[in-house]
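Peer 1: I have a structure here, written as structure tokens, and I will follow up with some questions on it.
What follows draws every value from the coordinates through simple rules; no lab data is involved. Keep in mind that this is a model prediction, so the values were computed, not measured. So basically every Cβ, Gly included, is an ideal-geometry build from the backbone, and we count neighbours across all protein chains shown.
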Amino acid sequence: MWFELEIARAYRRLKKYGDALKKCHEIDRHFQEFIDDQFDFHSYCLRKMVLCAYVDMLNLEDHIKGHRFFRQAAEIAVEIYIRLYDHPPSEEDNDNNDNLANMSASEAKKLKNKLRKQKMREEQEKQKQIEAERRKKESQRQRNKEDGEEEKIKEDELVPEKLEHCEKPLEEAMRFLQPLEDFSGNSLQTHYLGFEVYYRRKKYLLMLRCLKRMKKLDENNAKFHSCLMKFLKLMEDEPIGDERIRKLIDEELKDFGVKQGDSIKKVEELNADFVKNHSNSLPHRAEAAKIMLLISPTNNQKAVEYLTTLDSKFLDQNLKTCSSIYESMQSGGYGSIDSSIVENYRLQCNRLWPQANLFQLNPTSTFDQNSQLTCENQANLSEITSPK
């Protein structure tokens, strides 16, 4: 199962979201099979009189989806579904066309050739997989026919294209989010993802519940601040019509330190205080920049400059944090940023982590060079160790 989880992560890095979702759904089915198998074990335990083992097994089944493998797969699935909601696959194609329009003729030609070759490779791999599955099904059907067995009812086939082009990504995300909330409530990431889903569905009370749970776990976390500011900004832009819900939220917000008398402080003021108090932490700077862009999407120069500044004195200025920021910049998580700024940030990160493929201009060529050097070293070693 760990292998499928790593494959899902790899597909997500390659932006093959349909294939990544397929692996996440397969892991979900594994855990569902564990739950279904308890009914077979039930009759066995009653026959063998091993009630202690049966009770232990029932306790395990009650919390089986709290296992770290399911939690990590569910987090990946929810993150991908949120991305598919924000950037549907059709928009991805439009983004590629916009990128081509902003490039020079030679760069556009190189990108077109690269995309064409990539598409050809994907189609060839897809055809091979389809052919292999067809042969496997045919051989299985033949064996069942020879043995006189009836073909079992199969679950719906997981097709990456259908998973990626689903009509209601947020509803699909809830399929994974609900078990996370039930069995992984001690993880702040669970409530962060829950907030992001409910934020897009405009579920105010569920957003408030996620905020309260995040505050209880770690009120100094950068993601908690980002979610709280988005919640307050949403209330400013789209006032709640139901008087009962509005009064309840006003009462609960007293515990968050965002009220000044009977009124709620401005998001700009709260974010400015946050920037002042956490200016030496890179994750906090990244989340504060998101709120700056949320407040003023058109005037983003200050926010982008604040985001892309790197300093050895910053806390948590590591490969993981910088990779997350760089990927968010590429995917539009910080709005429309000039390509030269993104490239400059990549160069800064490349100087800090020269071996990281993400920040290399052409990772493939670097890999080929390393492979060539390895082959040359092996050849030299063979010459030295071979008998004269």
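Peer 1: Cross-chain or 8 or more residues apart, Cα under 30 Å: how many lysine pairs in segment 257-354 fit that? Count them up, please.
Peer 2: Going through segment 257-354 pair by pair, I get 18.
Peer 1: Could you name the lysines whose alpha carbon sits less than 16 Å from that of residue 162, not counting residues in the same chain fewer than 8 places away?
Peer 2: 15, 16, 22, 23, 126
Peer 1: To continue, here is another question. No solvent, one uniform scatterer per C-alpha: report log10 I(q)/I(0) for segment 257-354 via the Debye equation at q = 0.10, 0.17, 0.25 1/Å, two decimals.
Peer 2: Each listed q corresponds, in turn, to -0.29, -0.76, -1.40.
Peer 1: Follow-up question, since we're still on this one. Which of 309, 190 comes first, and how do the rest follow, when ranked by fewest Cβ neighbours within 10 Å?
Peer 2: Details: 309 14, 190 25.
Exposure proxy ranking, most exposed first: 309, 190.
Peer 1: Also, quick follow-up: Based on the Cβ-Cβ distance from residue 336 to residue 55, what FRET efficiency comes out when R0 is 35 Å, to the nearest 0.05?
Peer 2: Values: r = 58 Å, r/R0 = 1.66.
The value I calculate is 0.05.
Peer 1: Further question on the same structure: Rank-order 235-241, 294-300, 327-333 by packing density, defined as the average count of other C-beta atoms within 10 Å over each peptide's residues, highest first. Could you put the intermediate results ahead of the total?
Peer 2: Working: 235-241: 11.3, 294-300: 13.3, 327-333: 15.7.
Highest to lowest by the protection proxy: 327-333, 294-300, 235-241.
Peer 1: Additional query: Within 10 Å, count the other beta carbons around each residue, average over each peptide in 205-211, 265-271, and list them highest first. Show your work: numbers first, answer last.
Peer 2: Details: 205-211: 20.0, 265-271: 17.0.
Order by mean packing, descending: 205-211, 265-271.
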